[in-house]
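The values are calculated or read from the model by the stated rules, or taken from the named source; none is laboratory data. Everything quoted here is computed from the prediction, not taken from an experiment. Reconstructed Cβ throughout: ideal geometry from the backbone, glycine too, with neighbour counts over all protein chains shown. SASA here: full protein model, heavy atoms, side chains in, ligands and nucleic acids out. Shrake-Rupley method; radii C 1.70, N 1.55, O 1.52, S 1.80 Å.
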Amino acid sequence: MTHPLLALQAADTMAGQLRHRREHLAERDALAAAHAVLAEADAKIAAVEQRIAELTAEIEADEARGHALGAQRTRLEAQLKTVMAIRAAEALQHELETIAAERDALDDAELAALDEQAQLDDELAALTGARPALHAACVDAQAALDA
């Protein structure tokens, strides 16, 4: 016959082993990995959305600056028609050329921003499309752990 303390110690040891096994299940690691992948995807989505918002603001600012340059060009062209002095006409012509160069640079920057925005929109669509599968993997991992 075994001593009651030995039986209690054996039961306590068994309980500790079961607790340790439950805490270190492969399913728990799989769940943690699935949550990490989902969190990484959410972080990427947030970063892409933020960059898209920055590009949208940049494009709007470029468009506003472009309208201002167009108005300035119109004003200078009207002023050029009324100028009689050659030096004043040359100065106005130089200002018009400067505005044209600035407008070209602005258009190039706007096109680059639009191109980057289109690429980011595609990336966002891919990330957003993959998110339900990642969430389902988390749910499946949780169900496996619960089982």
| note | Contour minus Cα-Cα span, GLN72 to LEU106, at 0.36 nm per residue, comes to 10.8 nm
| message | Restricting the calculation to Cα positions, tell me the Rg (one decimal) and the Dmax (whole number) of the range 94-136 in Å. | response | 18.6, 63
| message | Among 81-87, 46-52, how do they line up by average Cβ neighbours within 10 Å per residue, starting with the highest? | response | 46-52, 81-87
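Given charges of +1 on the Cβ of Lys and Arg and -1 on the Cβ of Asp and Glu, with all other atoms neutral, how large is the dipole of the chain about its Cα centre, in debye to the nearest 20?
For this selection, approximately 620 debye.
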| query | Computed from the mean reciprocal separation of all distinct C-alpha pairs, what Kirkwood hydrodynamic radius does the chain have, in Å? | reply | 21.7 Å
| field | Solvent-accessible area, 1.4 Å probe, carbon plus sulfur percent, for the range 1-127 | value | 59 percent
| How far, in nm, would the chain grow between THR2 and ALA32 when pulled straight, counting 0.36 nm per residue and subtracting the alpha carbon separation? | 6.5 nm
| query | How high is the relative contact order of the chain, given as a whole-number percent (alpha carbon pairs under 8 Å, six or more residues apart)? | reply | 49 percent
| message | Can you give the Rg/Rh ratio of the range 20-88, where Rg is from the C-alpha atoms and Rh is the Kirkwood radius? | response | 1.66
| field | Top positive-direction residue, dipole computed over the range 54-147 with Cβ charges, set LEU114, VAL83, ALA136 | value | VAL83
| message | Taking the Cα centre as origin and putting +1 on Lys and Arg beta-carbons and -1 on Asp and Glu beta-carbons, what dipole magnitude results for the range 106-147, to the nearest 20 debye? | response | 480 debye
| Listed residue (LEU31, ALA47, LEU145) projecting farthest to the positive dipole end of the chain, Cβ model | LEU145
| task | Subtracting the Cα-Cα distance from 0.36 nm times the residue separation, let me have the gained length for ARG19 to ALA125 in nm, one decimal. | result | 33.9 nm
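Residues of the range 49-147: accessible area per residue at 1.4 Å, in Å²?
67 Å²
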